Amino acid sequence: MDALQVISAATQIISNMVGAVGSLEQASRNFDEAPKRIRSLEEFVCDLENLTRQIKQKHVYKLHNPQLDHQIQSLNGLIERLHPNIGKARRIVSRSRIKNMATVVWSSVAGDPLEKIVNSIRDDLNRWLESQRLTEQVANVIESTARSIPVRLKINTDQGYPISSKCNFVRSLLEQEDSHRVILIVGLSGIGKSCLARQVASDPPSKFVGGAVELGLGQWCSRAACNGSKAEYQKRLARKICKFLVQIGYWKKIRDENSGDLEYMCCLLQEALYGKSILILLEDVWEQDIVERFAKLYDNDCKYLVTTRNESVYEITEAEKVELCKDDIREISKAILLYHCLLREDELPGVAESLLERCGHHPLTVAVMGKALRKEIRTEKWEKAITNLSTYATCAPGPVSYVNEKEAENTVTIFGSFEFSLEAMPEDSRRLFIALAALSWAEPVPEACLEAIWSVLGQDSLFPLVVCKLIEGSLLMKTDSYPLYQAHDMVSLYLESKVNDSVKILLSDSTPEGTSFISPWLLIFGKETIKKVVGQRIEFSLSVLEEKQAIITLEAIIQALMASISISELEASRASFSSILGPKIVNLISTDSQDLTAVSAKAITNIFSKSDYCDYLPSLETIGTVNKLTSMFEICEDPMIQTNISTVLAKLAEFGNPGTVDKVLQSIPMNWLADLLSPNAEEWHESVFATLMSLAKAGKSKAVERMFSFGIDKSLIQLLEVGSEVAQHRAIVTLKAFYELGGPPANGSLPPGTLNLLPWQARLSLEKFVLLDRNVPLPPELHTFEDLIHQVLGSDTKQVLEAMQYLIPIIEKAGDRKIRDMILRSPLTKKLSELLQSEQNSMRSASAFTLMKLACSGGEPCIRKFMEYDIIPDLIKMMHCNISELQDSAYTALHQMLFGNGGVLILKQFLQMGLIERLIQSIESRSAKTREVNVQCILDLVELGNKACLERMFSLQVVEKLVRIEEAGEGTGESVVGFLRGVDKCKHLTTAERKVMKQQVLRKVRAALKGHKFEAQILAAVDACVSEGSRGSSSGKHRK
């Protein structure tokens, strides 16, 4: 019982009490009848008290909610007022008959006391009911208004950076109507330009009704970073604008097909900002062109805060220039120092002011020194820090060429603080930091990459301690929600001078095995100047001159691939690796090393796409790969290696010539595949199902017949009976494919008796194959069908409902083309679509059921007919009404249509008409039933959808909304776990894509749950779901 059901139950009881009070009033003169009415009132009050107790017990962990607590308290107050009044009424009617007669006489003079009590009770009850109705009406009005108001964009501030007078000055410029649209915040590197801008943008002036949004650009988006290439620079800027369009809600996701055309993106930017009033923070701009492109946009009330350390940007004339200087930061430097050194002001040594002066009051330098002196109160330590800072600043590497003379002095001081901070750290942390110079810090780097770099340098178990020192020293920043690392632009600049040292540590001085392991990671996450070098190293390692190096490289490639943060990153990484691995695969497979062949098979299954299989697998047919892999399979006892080999063999059959198909079908031990389909071997199911589907596609009826002869169909049916939800789904999909490809002989393996024992989902999906051999009865006489149609078209409700019922047996035979054509030519579909809009609930429900039966029996032609009359949007609309029976009817119909023949067409319509957006918006509905049916429909779409569909859902924050449902409920994690299981069931994802997508869900859940009381409970359920089957798909570790 949720909060809405609680109040509904209380309202029902109190409404009944109002009726009872009316009866009591009528009986007030009849002293024999009055006690019965009072007993009824007492029973109602008792029901209310029991209900209140049940609510408190049921929702003991939800009483913190103000709305629920207020409603319960108001109910308690009502009960407290009712008890004395009912007691008075009982005492009046329980007097003796003589006293009652005297009361009647007295009442005629002074007024009836029982009537007064009755009126008081009635007033209390009516006031409570009216307050609940008024509250609900007000809430609905507010909710309706809130839905029509666009989201106000928000920027978070940086911790540890206090508000300065400069912040108020910038705010005043923004509030002035006659000020320039562009406000340039300039100053030395690390002086706090970004922190100042975020302070202002976190609470923008009220005239910016759209809020504020930040677009980070950085040196990556500059001509210098593109080696002067105008085309590459424009491509990168266009990509950044794509991201901006997603941030402001104009796009739901980045569209790769248009992301490279800068002029087109600027046109879309003009359209997106039309009429908007947003404060836009352009962070770390390196090109004057960027600011000018934004500033020339018209018909909007936006203003632009721009932070830059590039002098060429300073020259923009149409801009207010705000320079941060030493005097501005002097007022906040001590507060920054206190924040980072974790001391109170009275605990600071007297030389603290001298340290601030030596740091030039520079915020980044002060922060680094403060972290290095954390909780240190000894004066001599602070004095030594001042001396060392001067020494390190003198010896610090000189700044690169784009830094001007004024910047140079500031830069060496910052670099000196980095050197001081590093000197205070253990040797292991220093070595790791220098090694990180090989990475590109333009985007956040996953923790797995840093762990890989550390594994070349030291003991794996020490990594958390080593990297923690870098975070404490402000040299690295770690996101809270997911292990991703970032570096301040000055840290990144400092690391530029250490690239050669990093290459020496990781590639030159490392062992051949270490170099082989780290090269794939650097190919994905390294600097552009390093990628070419490591690409050559990978090719050399895969030249099989040294078996161990090739094995380590292949394992590292798989690990680096799985570290991808998103599907788009996974696709880019896979393309990079497949371009190197593809031409080498023949040599790798043809070696005498079984270990190398095994890991090569594993790499193929994780990296190759369909086009890669087409390009590279045919060449394997000429070197006897089938025989070699079959021999390996026979002597190997490791299930992981066996499943990888069987997958490669199946792909050879799918993309090879007919001779290879026959050879593979004879080579793969089908009895072994049947054994791995055991309900207790679920970690291998994904690989086995992929193998079975490839074999069925390649060999069709021949392959299906051979698999059935080894009892694979019986294993699949066993999974349908006792397997997990995911296993049942995969078994249904595989059996359907077998029956479609295998023809009538295959269908005989599923007798009607067995079908009746299966779960209803399986029966519904497979029953048409059992009935396939039966003689379809001839269609009913034409006039009979016409009579029924005529009856449906009539206006008599009873006859229409009756006719729809009689039509069901005919509709169930719509698999026969003649019957289907007869139905589709008739006006039945149009009439059913009209009945979905009927004011009578029975008509709408019956129409939805009839349409569902027609779709399930008639398949794709019927779905196409439905689309002519917008039946799918109408069913979605019915799902959002407030009548539970209709909502269930609409969802059931949509569910069966989606999973039937033609479901792909419905999925496309969901994407094209924005129906997914409506479903996701509705999962936060106040109605529990609306939330329920919308969540179930979304989980159906996850199961059936493709990458585009799932990424659309992610962009609409579906995971975050599901988490909010869990937070408002009992924290079981059921909705999010259902989403993850849908990802598991989705047949359009590869193993690698599925793993990356599940990790993406996990990151979003962690971020959304941070600090919530159900955090541990929900994360435990989600972690358990994510880790299911991981043993079967996990990759090996680096072999030292």
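Stretch SER312-GLU721 to full length: gain in nm at 0.36 nm per residue minus the Cα-Cα span? Could you put the intermediate results ahead of the total?
Numbers: separation 409, 0.36 × 409 = 147.24 nm, distance 7.08 nm.
Gain on extension, SER312 to GLU721, equals 140.2 nm.
Label separation (ALA1024 vs LYS326): 6.2 nm, computed from points 7 Å beyond Cα along the C-beta direction.
May I ask you to compute the full-extension gain from ASP501 to GLN666, defined as 0.36 nm times their residue separation minus their alpha-carbon distance, rounded to one decimal in nm?
Details: separation 165, 0.36 × 165 = 59.40 nm, distance 5.56 nm.
Gain on stretching ASP501 to GLN666: 53.8 nm.
Taking Cα centre as origin and charging only the Cβ of basic (Lys, Arg, +1) and acidic (Asp, Glu, -1) residues, the dipole magnitude of segment 425-568 rounds to 260 debye. Place a label point 7 angstrom from the Cα of VAL904 along the Cα-to-Cβ direction, then list the residues of segment 853-870 whose backbone nitrogen is under 14 Å away. The answer is 860-861, 864, whose backbone nitrogens lie closer than 14 Å to the label point. The distance from the alpha carbon centre of segment 698-716 to that of segment 865-929 is 37 Å, rounded to a whole number. Using only the Cα atoms of segment 779-913, build the gyration tensor, take square roots of its eigenvalues as a ≥ b ≥ c, and label the shape rounded, prolate or oblate: rounded if a/c is under 1.5, else prolate if a/b is larger than b/c, else oblate. Taking the square roots of the gyration eigenvalues as a ≥ b ≥ c, segment 779-913 is oblate.
Can you classify segment 914-1034 as rounded, prolate or oblate using the Cα gyration tensor, where a ≥ b ≥ c are the square roots of its eigenvalues, rounded means a/c under 1.5, and otherwise it's prolate if a/b beats b/c and oblate if not? Kindly include the intermediate steps, with their values, before the conclusion.
On the way: a/c = 1.89, a/b = 1.13, b/c = 1.67.
Oblate.
Of the trypsin sites (Lys or Arg not before Pro) found in segment 279-342, those in coil by DSSP whose Cβ has at most 16 other Cβ atoms within 10 Å are LYS296.
Think of each Lys and Arg Cβ as +1 and each Asp and Glu Cβ as -1; about the Cα centre, that makes the dipole of segment 779-913 roughly 400 debye. For segment 779-913, the solvent-accessible area works out to 47 Å² per residue, with a probe of 1.4 Å and every protein chain left in place. Taking Cα centre as origin and charging only the Cβ of basic (Lys, Arg, +1) and acidic (Asp, Glu, -1) residues, the dipole magnitude of segment 914-1034 rounds to 240 debye. Each label point is 7 Å from the Cα along the Cα-to-Cβ direction; what then is the distance between the points at GLU539 and GLU802, in nm? Here the modelled spin labels are 8.2 nm apart. Entry note, segment 425-568: relative contact order of 27 percent, from Cα contacts under 8 Å with a spacing of 6+ residues.
FRET efficiency for the LEU465 to ILE635 pair, using the beta carbon distance and R₀ = 51 Å, is estimated at 0.70. The label point for SER579 and the one for LYS548, both projected 7 Å from the Cα toward the Cβ, are 3.2 nm apart.
Pull out a ≥ b ≥ c, the square roots of the eigenvalues of the alpha-carbon gyration tensor of segment 165-324, then state rounded if a/c is under 1.5, prolate if not and a/b is larger than b/c, and oblate in the remaining case.
In terms of gyration-tensor shape, oblate.
Computed from the Cβ-Cβ distance with R0 of 30 Å, the FRET efficiency linking ALA928 to ARG53 stands at 0.85.
How much length is gained if the chain between THR591 and SER795 is pulled fully straight, taking 0.36 nm per residue apart and subtracting their Cα-Cα distance, in nm to one decimal?
Values: separation 204, 0.36 × 204 = 73.44 nm, distance 7.86 nm.
Taking 0.36 nm per residue and subtracting the Cα distance, the gain is 65.6 nm.
The values are calculated or read from the model by the stated rules, or taken from the named source; none is laboratory data. Since the structure is predicted, the reported quantities are computational estimates derived from the model, not experimental observations. So basically every Cβ, Gly included, is an ideal-geometry build from the backbone, and we count neighbours across all protein chains shown. SASA here: full protein model, heavy atoms, side chains in, ligands and nucleic acids out. Shrake-Rupley method; radii C 1.70, N 1.55, O 1.52, S 1.80 Å.
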